[in-house]
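Q: Just passing along the structure, written as structure tokens.
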Amino acid sequence: MDFSYEGNGLDTLFAVKNCTTKRCSSFDVTGGNKDNIIIPPGEEAVIADIRSCGIIRHIWMTMKSDDRYYARKIVLRMYWDDEETPSVEVPIGDFFGIGHGVIKTFASLPLSMNPENGKGFNCYFPMPFSSRARVTVTNECTGPLMFFWYIDYEEYETLPENTGRFHAQWRRENPTKG
């Protein structure tokens, strides 16, 4: 794999990569239109378990819950290379760039929530892994969660030795100690 090009985005659009692009998603394998899963309250769903070397390039999600602040009550976790402790453990709304569990339309380079009041969550942070990537979603709402997603990734033979891993943690002190 050749990472000799500096920059990202349009700066390296011309670079030919030696990889295979793949996708994990909630699509209905029967050919029907049930392209989602239902996650009961208090349960966790594995939405990706990629057993290879690669880089997650894009995550898209949308969901429906009767809980008004569901974006703060759904926890996203990501584990790289068979680690036991997640490198990512964040309420889903905070991960995608909004706070207080309030969904709004916005766009930035690595994150966006759109269209129609921010109901489509997008993440473009590159997330490399050497042997495995496991992504889970936990529903901490009081009712069921209807959940749709896809995760686009590139599969490589190896990554350069100096490749780091993506980390995101959410911590809260309530009430604050000042």
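Q: Got a sec? Which of THR85, THR142 is free of Cβ contacts under 8 Å to residues at least 24 places away in the same chain, closer than 27 Å to ASN174 by Cα, out of contact with any Lys or Arg (no Cβ under 7 Å at 6 or more places or on another chain) and polar (S, T, N, Q)? Show your work before the answer.
A: Values: THR142 fails: free of Cβ contacts under 8 Å to residues at least 24 places away in the same chain.
None of the other options fit; the residue is THR85.
Q: Give, as residue ranges, the strands (runs of 3 or more DSSP E) completely inside the stretch 4-107 that count at least 2 residues that are surrounded by 16 or more Cβ atoms within 10 Å (Cβ to Cβ) and touching a Pro at 6+ places or on another chain (Cβ under 9 Å).
A: Because the criterion is at least 2 residues that are surrounded by 16 or more Cβ atoms within 10 Å (Cβ to Cβ) and touching a Pro at 6+ places or on another chain (Cβ under 9 Å), the strands (runs of 3 or more DSSP E) in the stretch 4-107 that meet it are 53-64, 74-80.
Q: Please name all residue pairs, on different chains or six or more residues apart, with Cβ atoms under 6 Å, provided the first residue is in the stretch 11-32 and is over 18 Å from CYS53 (Cα atoms) and the second residue is in a loop (DSSP other than H, G, I, E, B).
A: Hits for this filter: THR12/TYR5; ALA15/TYR5; SER26/ASP35; SER26/ASN36; PHE27/ASP35; ASP28/LYS34; ASP28/ASP35.
Q: Could you go through the stretch 124-132 and let me know if any residue there is out of contact with any Phe, Trp or Tyr (no Cβ under 6 Å at 6 or more places or on another chain), in contact (Cβ under 8 Å) with a residue 60 or more places away in the chain and not in a loop (DSSP other than H, G, I, E, B).
A: Yes: the stretch 124-132 contains one or more residues that are out of contact with any Phe, Trp or Tyr (no Cβ under 6 Å at 6 or more places or on another chain), in contact (Cβ under 8 Å) with a residue 60 or more places away in the chain and not in a loop (DSSP other than H, G, I, E, B).
Q: If you don't mind, another one. In the stretch 133-178, how many are outside any loop (DSSP other than H, G, I, E, B), of a type outside the set (Asp, Glu) and under 19 Å from the mean Cα position of the chain (by Cα)? Steps first, please.
A: Of the stretch 133-178, the ones outside any loop (DSSP other than H, G, I, E, B) are 133-139, 145-156, 168-169.
Remaining after also requiring of a type outside the set (Asp, Glu): 133-139, 145-151, 153, 156, 168-169.
Going one step further and asking which of them are under 19 Å from the mean Cα position of the chain (by Cα), we end up with 133-139, 145-151, 153, 168-169.
Selection size over the stretch 133-178: 17.
Q: Additional query: Given (1) surrounded by fewer than 18 Cβ atoms within 10 Å (Cβ to Cβ); (2) at pLDDT below 95; (3) of a type in the set (A, V, I, L, M, F, W, C), where does MET146 come up short, assuming only one miss?
A: Of (1) surrounded by fewer than 18 Cβ atoms within 10 Å (Cβ to Cβ); (2) at pLDDT below 95; (3) of a type in the set (A, V, I, L, M, F, W, C), only one is false for MET146: (2).
The values are calculated or read from the model by the stated rules, or taken from the named source; none is laboratory data. This is a predicted model, so every value here is computed, not measured. Neighbour counts are summed over all protein chains in view; Cβ atoms, including those assigned to glycine, are modelled from backbone coordinates with ideal geometry.
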